[in-house]
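First the structure, in the form of structure tokens, and then the observations on it.
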Amino acid sequence: MVLQNHSYYIPPSTESKQGVRLYVAPVADVHELPTRKPKVLASQLALTGLVVFAILFGCVQGVRSAATSAVKLERLVSQLATVKAVHHEAVKSNQVLTNQINTYRSPTGMEELARDGLELVRNDEILVRLHHEQASPVVASF
């Protein structure tokens, strides 16, 4: 290999008033340089292995936790749908009961409750029950 010297001129910058001449000489062939492998200590290998194990363990635990959370979320969503359905039925039932209470507070509602629920009649009425039918009692007035 032929070694040649090269010369470069760097012009002056705004801070300096002089230019610089730079001489570059090639180094011997790279293959001729001695090569050394860095020594790796057993403690460094053990520490590296421990760090890799900790990272893998953390990843596995993260995946396991995410899967468990997904199953819990699915169960909770199902329970929420059930609770919403039960709540809807309770609201409807509550509305029916509220309507009945409002009806029974009126004089005609009280009379209806006394006749149908308690089988009461007025003084000028006779209660007639028909046992062979499951119909409500018939009230006859004179």
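Throughout, read-outs are computed from the coordinates displayed, never taken from laboratory work. Fair warning: this is a prediction, and the values are worked out from it, not measured in the lab. For neighbour counting, all protein chains shown are included, and Cβ atoms are generated from backbone atoms with ideal geometry for every residue, glycine included.
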*Stretched out fully, how many nm does the piece from MET110 to LEU97 gain, at 0.36 nm a residue minus the Cα gap?*
3.2 nm
*Order of GLU89, GLU125 under a 10 Å beta carbon neighbour criterion, fewest first*: GLU89, GLU125
*Could you list log10 I(q)/I(0) for segment 31-95 at q = 0.18, 0.20, 0.22, 0.28 Å⁻¹, which the Debye formula gives when each Cα is one point scatterer?*
-0.83, -0.88, -0.93, -1.07
*How far apart, in nm, are the 7 Å Cα→Cβ label points at LEU80 and THR48?*
4.8
*Spin-label point model (7 Å from Cα, Cβ direction): what's the ILE126 to ALA67 distance in nm?*
8.2
